[in-house]
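Encoded as structure tokens, the structure appears first; notes follow it.
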Amino acid sequence: MRLTTKSPTVKEAFSADLRGKGVSFSVVERQSHETFVGYVIEGTLEEIRAKIDAMEGVDKEALVEGFESFKASVEHILDHLKAGESADKLLSEGLWVADVLDQLYNAGALDYSPEGNFLKLKDGVDISQLKFQFKFPFNLVTNPEGIEKVAKQFVFVDLVPEWEFEVHELRMEKINAFGRIASKYFQEEDVLKAYFALVGRAILAGEILKALGEKKVEVENFRKSFLRALPLQIPTEKGTLVVHASKESFDELIRFLEKRGYLQVKGGKLRKLRDL
């Protein structure tokens, strides 16, 4: 029921959108990292392609596809830099731009003007002779010894903050709002998993409160009987939703409901205070 991002822009925009729809959530910041483990080939674009063609012990098809994407990215940036462009505008296209610009700067191919944060390709630069670094992940390599003469090992570690979003909703309209908003910022698979986890928790919470009714029950006996009834199978228009929970998850859900004033735990007994 959590989503994480290392992007401060996503953190701020996602938070604002959730608040705008009245979705209850919290954000925890922790230290994290971005790590790339792989190999690097150096040379002009033509030289790199020739080295790839001669390589053995790699997934050649995937490697060529990755290089062609890298080459297209470089050519795209170079087209902008021939006439000159704002660095901010270029970087707005994605994080990948920073790597290309860094390589061009290190190659001495750029003129920089602080006024307007403006970048331009230096006059007289022969694009065909510019040296680049093409990086690819280690999992494309099937025989490391077979490529060491062509490619060097390359590891990049960037220590960065990470923000973890936890949604505290049990109301379906707010859970649905969360799903719509999250789909703008996160990968579909991650959003679906978090969304259905929230739906599952809301369903279990509703069943717990329904089972409690208006009576007080002993926590231990209630836990045992409730868990024996799991998993719950809920038919939907598109299929079936199955919800299960461990003893530890059940106890955490009880604490969650108590904290939000839905039930009371006192003297080893449970009592419902209000419905969802």
Practice problem: Pull up the cross-link candidates among the aspartates and glutamates for Lys266, meaning alpha carbon to alpha carbon under 17 Å and not fewer than 8 places away within one chain. | Solution: Glu214, Glu218, Glu220, Asp251, Glu252, Glu258
Self-check item: Listed peptides 169-179, 206-216 by packing density, highest first (mean Cβ within 10 Å)
Solution: 169-179, 206-216
Exercise. Would you please give the FRET efficiency between Ser225 and Ala197, computed as 1/(1 + (r/R0)^6) with r the Cβ-Cβ distance and R0 = 25 Å, to the nearest 0.05?
Key: 0.55
Self-check item: Calculated FRET value between Asp111 and Arg2, using beta carbons and R₀ = 41 Å, to 0.05
Solution: 0.35
Self-check item: Potential lengthening between Glu93 and Asp251 on full extension [0.36 nm per residue; Cα-Cα distance subtracted]
Solution: 52.3 nm
Quiz item: Per residue, how many Å² of accessible area does the chain show with a 1.4 Å probe?
Solution: 60 Å²
Exercise. Quote the relative contact order of the chain in percent (integer), defining contacts as alpha-carbon pairs under 8 Å separated by 6+ residues.
Key: 28 percent
Quiz prompt | Set Lys71/Lys152; Lys6/Lys152; Lys60/Lys120; Lys6/Lys193; Lys122/Lys149; Lys60/Lys89 screened for pairs whose C-alpha atoms are more than 25 Å apart | solution = Lys6/Lys152; Lys60/Lys120; Lys122/Lys149; Lys60/Lys89
Self-check item: Mean ellipticity per residue at 222 nm, deg cm²/dmol - from DSSP H runs of n ≥ 4 across the chain, formula -39500 (n - 2.57)
Solution: -14000 deg cm²/dmol
Quiz item: Local charge sum around Leu121 (other residues, Cβ-Cβ under 14 Å, Lys/Arg +1, Asp/Glu -1)?
Solution: -3
Quiz item: Of the GluC sites (Glu not before Pro) in region 11-88, which ones lie in a loop per DSSP and count no more than 15 other C-beta atoms within 10 Å?
Solution: Glu56
Quiz item: What is the distance, in nm, between label points placed 7 Å from the Cα along the Cα-to-Cβ direction at Lys131 and at Lys269?
Solution: 8.0 nm
Practice problem: With log10 I(q)/I(0) by the Debye sum over Cα atoms at q = 0.07, 0.09, 0.15 Å⁻¹ defined as stated, name the option among (1) -0.37, -0.60, -1.26; (2) -0.46, -0.67, -1.12; (3) -0.29, -0.48, -1.16 computed from the structure displayed. | Solution: (2)
Quiz item: What percentage of the solvent-accessible surface of the chain, computed with a 1.4 Å probe over protein heavy atoms, is contributed by carbon and sulfur atoms?
Solution: 50 percent
Self-check item: His76/Asn139 FRET efficiency (R0 35 Å; Cβ-Cβ; nearest 0.05)
Solution: 0.85
Self-check item: Pair Ala62, Glu189: separation of 7 Å Cα→Cβ label points (nm)
Solution: 1.3 nm
Exercise. With a point put 7 Å past each Cα toward its Cβ, work out how far Leu232 is from Asp102 in nm, to one decimal.
Key: 4.9 nm
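The values are calculated or read from the model by the stated rules, or taken from the named source; none is laboratory data. It should be emphasised that the depicted structure is a prediction, and the values quoted were computed from it without experimental measurement. So basically every Cβ, Gly included, is an ideal-geometry build from the backbone, and we count neighbours across all protein chains shown. For the accessible areas, the whole protein counts, side chains as well, though only heavy atoms, and no ligand, DNA or RNA atoms are used. Shrake-Rupley method; radii C 1.70, N 1.55, O 1.52, S 1.80 Å.
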